[in-house]
Amino acid sequence: MFFTPPLAKLIEEFQKFPGVGPKSAQRMAFYVLNMNYDSVQNLAFAITDAKDKVKNCSKCFHLSSNDPCEICTSDKRDRSKICVVAEARDVIALERTREFKGSYHVLTGLISPLEGKGPEHLSIRELLNRVHDDNVEEVILAINPTIEGDATVLYLNHLLKPLGSKITRIAFGLPVGADLEYADDSTLSKALEGRREV
Amino acid sequence: MRVKKVSLTNFRNYKRSSVDLSDGRNVLIGENAQGKTNFLEAIEIISLGRSTRAQQDGDLIRAGETDMRIELVFESGGAEAIATFALAPTDKPRARGIERQIKVNGLTIGSAKSLRGRLVTVSFKSSDLNLLRGGPKFRRDWIDDILITLRPAYQDILSKYLKSVAQRNRLLKLLFEKGRVSVEDQDQLRVWDEQTARLGATIIKHRLHLLNDLLPRAERHQEHISGKREKLTAEYIFRAKESKDEDEEGPEADSVSASQIVEQPESELAQSLMVLMKQRRYEEIARKQTLCGPHRDDIKFSLNGADAVEFASQGQQRSLVLACKLAELERVQEHLSEPPILLLDDVLAELDLNRQGLLMSLVKNDTQTLITTTHVTGFKPEWVEGAHFLEVFDGNVEPTTEAKSIIAQ
């Protein structure tokens with residue numbers, strides 16, 4: 001490589017980002033070098049500032065600069081419903097719908113022995129405490145239909161059942177506006193499985 | 001279904017070769033090691049989304065080259081399509097240096113498995129003998145591949161199951177290293193037991209269902225080939241029920257006839273798999289692997305009640321494998337609205353005229369057939385009459401008329 005060491009280092013750091021290959025990393029590094037000094041400092045500050053201030057909410061484990069987070073402290077939220085998701089970004093996706101007015105619980109991952117993730121690495125104990133203490137009526141599991149997601153749902157189900165709340169899992173099937181003809185077989189069979197009376 | 005044109009670039013021993021195929025019979029003639037089997041393999045790769053011969057993708061690239069490409073123009077469901085399967089170097093992590101690029105009609109498709117069902121092939125080759133003499137994996141792959149052709153969603157169940165087994169195995173390994181199993185670990189294990197058992201039960205049901213369909217057909221063919229002297233039977237072997245100590249329980253006690261289980265509801269089957277997992281818990285942890293489930297199951301073939309691997313002669317074994325493959329051909333033909341592509345790799349000359357005739361009687365008239373051979377003698381004349389002849393020489397395929405003159409003599 002013909003990059004001078006500080007530039008090579010920058011490219012290397014960019015390449016650690018998900019979805020960024022050597023070519024993109026190089027482009028980003030050159031872009032940074034062409035930025036004016038203030039913008040570069042703003043960028044560097046934004047990175048460390050976000051890292052310093054954004055933490056997991058101690059209640060629901062969503063990302064926030066406040067603790068407890070905005071959702072947990074809002075009085076417009078129905079605390080008798082908890083929607084359980086794997087990652088903080090899933091909360092953001094669900095919030096975009098503006099349909100759900102309950103509270104959330106972020107597991108911070110899914111059970112996956114291959115990645116060294118066991119139930120003890122997830123915020124399961126905290127979830128059980130919340131369900132028990134807040135008299136939660138319904139726990140909605142908004143977890144992906146993957147092998148790891150299914151295993152996590154089974155695990156949660158075993159632990160939540162004795163607490164007496166209603167446990168539901170979101171439906172899987174056709175995306176809205178999609179064409180039956182183009183849906184793949186496993187999505188279609190899931191959709192058939194989850195059919196309901198009209 | 002028809003393959004119209006095959007173009008190969010740096011694939012196996014082919015540098016660059018492109019050839020048109022005819023709708024009916026195509027006979028590929030060539031000495032050994034010129035590329036006949038490789039040519040059929042290329043078609044099979046587009047049909048299965050993977051090679052049945054290569055240990056790894058890199059084996060498919062011509063020595064000294066870094067990338068390769070297979071392009072097929074074919075007709076399926078009344079429409080013409082172009083499918084390409086290419087391998088190219090990459091520095092992406094986890095790709096081991098080689099990346100697959102699969103396209104249909106110029107559109108990139110996600111994974112090799114979505115190639116399935118567009119072009120269906122049924123092949124007969126000398127290595128089919130592995131179906132009897134090879135390890136259990138050959139028999140599992142055989143039945144699974146037919147199932148995927150008949151029901152593409154099965155692929156999804158199968159890969160989910162294998163992933164679940166991989167996760168479970170890692171957990172067993174972790175528990176082995178920890179040296180003790182806490183209550184929390186028990187809870188987690190139970191989850192993976194349940195997940196694996198449920199998917200496993202679905203797979204077993206599918207396999208038994210298909211086996212129950214294939215066996216009477218295979219039995220009929222074996223009867224026909226042997227002049228009613230040989231009765232073919234087969235049993236699905238649940239390796240999960242095998243005892244630790246081989247001497248304790250004979251192999252007979254482990255096998256269950258397919259018809260018994262096929263009546264059982266899937267949930268019951270999953271339940272009994274979970275019970276077995278629980279019984280063998282400590283053995284599984286000690287061996288760090290899942291011992292109960294269809295990923296270890298097997299099929300045992302017998303002739304007149306005697307184990308076909310141990311007691312049947314070479315000739316009988318060949319007939320048995322042929323009978324099974326004919327059953328496969330029949331089943332796949334019944335399922336599809338148009339005939340699949342038939343690939344006969346070096347086997348036709350090995351079959352006597354009676355067997356050749358049986359095969360011919362089962363093949364639908366308008367089936368496109370590719371036959372490879374080193375010589376055209378010993379063929380039933382119907383195979384070569386009106387056939388399109390191609391010569392394979394040193395990684396090149398070209399139409400030839402010479403073979404016709406050989407036959408004429």
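Restricting A:Ile82, A:Ile71, A:Ile92 to those that are touching a residue at least 40 places away in the same chain (Cβ under 8 Å) and either within 18 Å of A:Leu160 (Cβ to Cβ) or under 18 Å from the mean Cα position of the chain (by Cα) (or both) reduces the list to A:Ile82.
Restricting the range A:149-175 to residues that are away from every other protein chain (no Cβ under 13 Å) and aliphatic (A, V, I, L, M), the residue that is least open to solvent (accessible area, probe 1.4 Å) is A:Ile167.
Evaluate the following for A:Leu192: is it within 13 Å of chain B (Cβ to nearest Cβ), over 18 Å from A:Leu107 (Cα atoms) and assigned to a helix (DSSP H, G or I)? Yes.
Cβ separations smaller than 8 Å between residues 6+ apart or across chains give the following pairs from the range B:284-303 residues that are modelled with pLDDT under 95 and open to solvent by 40 Å² or more (accessible area, probe 1.4 Å) to residues that are assigned to a strand (DSSP E or B) and of a type in the set (A, V, I, L, M): B:Lys300/B:Ala234; B:Lys300/B:Ile237.
Of the residues making up the range B:194-221, just one is more than 27 Å from B:Ala153 (Cα to Cα) and either surrounded by 23 or more Cβ atoms within 10 Å (Cβ to Cβ) or facing chain A (nearest Cβ under 10 Å) (or both), namely B:His221. Every condition in (1) over 16 Å from the mean Cα position of the chain (by Cα); (2) away from chain B (no Cβ under 14 Å) is met by A:Ser103 except one, and the failing one is (1).
Could you check, for the range A:127-144, whether at least one of its residues is buried (at least 19 other Cβ atoms within 10 Å of the Cβ), in contact (Cβ under 8 Å) with a residue 24 or more places away in the chain and within 10 Å of chain B (Cβ to nearest Cβ)? Checking the range A:127-144: not a single residue is buried (at least 19 other Cβ atoms within 10 Å of the Cβ), in contact (Cβ under 8 Å) with a residue 24 or more places away in the chain and within 10 Å of chain B (Cβ to nearest Cβ). Annotation: of all residues in the range B:161-193 being of a type in the set (Val, Ile, Thr) and more than 8 Å from chain A (Cβ to nearest Cβ), the one that is most open to solvent (accessible area, probe 1.4 Å) is B:Val183. At least 1 residues being open to solvent by 90 Å² or more (accessible area, probe 1.4 Å) and within 14 Å of another protein chain (Cβ to nearest Cβ) is the threshold, and among the helices (runs of 4 or more DSSP H) wholly inside the range A:1-77 those reaching it are A:5-15, A:22-34. Residues of the range B:115-141 that are farther than 20 Å from B:Glu41 by Cβ and surrounded by 15 or more Cβ atoms within 10 Å (Cβ to Cβ): B:Leu132, B:Pro136, B:Arg139, B:Arg140. Among the residues of the range B:92-131, the ones that are under 21 Å from B:His206 (Cα atoms), part of a helix (DSSP H, G or I) and more than 13 Å from the chain's Cα centre (by Cα) come to 2 in all. Pairing residues of the range B:364-388 that are among the basic types (Lys, Arg) with residues that are not in a strand (DSSP E or B), at Cβ distances under 7 Å and at least 6 apart in sequence or on separate chains, gives B:Lys364/B:Gln333; B:Lys364/B:Pro339; B:Lys380/B:Leu353; B:Lys380/B:Gln356; B:Lys380/B:Gly357; B:Lys380/B:Met360.
Any residue at all in the range B:39-46 that's open to solvent by 50 Å² or more (accessible area, probe 1.4 Å), at pLDDT below 95 and on the phi < 0 side of the Ramachandran plot? No. Once the range A:176-187 is narrowed to residues that are more than 14 Å from every other protein chain (Cβ to nearest Cβ) and assigned to a loop (DSSP other than H, G, I, E, B), the residue that is farthest from A:Val106 (Cα to Cα) is A:Asp179. Would you mind stating whether A:Val91 is assigned to a helix (DSSP H, G or I), on the phi < 0 side of the Ramachandran plot and open to solvent by less than 60 Å² (accessible area, probe 1.4 Å)? Criteria met by A:Val91.
The rows are residues; the columns are (1) polar (S, T, N, Q); (2) modelled with pLDDT under 70; (3) assigned to a helix (DSSP H, G or I); (4) crowded, with 18+ Cβ neighbours inside 10 Å.
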{"site": "B:Glu223", "(1), (2), (3), (4)": "no, no, yes, no"}
{"site": "B:Glu230", "(1), (2), (3), (4)": "no, no, no, yes"}
{"site": "B:Ala234", "(1), (2), (3), (4)": "no, no, no, yes"}
{"site": "B:Ala253", "(1), (2), (3), (4)": "no, yes, yes, no"}
{"site": "B:Ser259", "(1), (2), (3), (4)": "yes, yes, yes, no"}
{"site": "B:Ser267", "(1), (2), (3), (4)": "yes, no, yes, no"}
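In this structure, A:Leu110 does not qualify as within 14 Å of chain B (Cβ to nearest Cβ), in a helix (DSSP H, G or I), within 22 Å of B:Glu184 (Cα to Cα) and not small (Gly, Ala, Ser).
The values are calculated or read from the model by the stated rules, or taken from the named source; none is laboratory data. Remember, it's a predicted structure, so these values are computed and weren't measured experimentally. So basically every Cβ, Gly included, is an ideal-geometry build from the backbone, and we count neighbours across all protein chains shown. The area values use the complete protein model at the heavy-atom level, side chains included, leaving out ligands, DNA and RNA. Shrake-Rupley method; radii C 1.70, N 1.55, O 1.52, S 1.80 Å.
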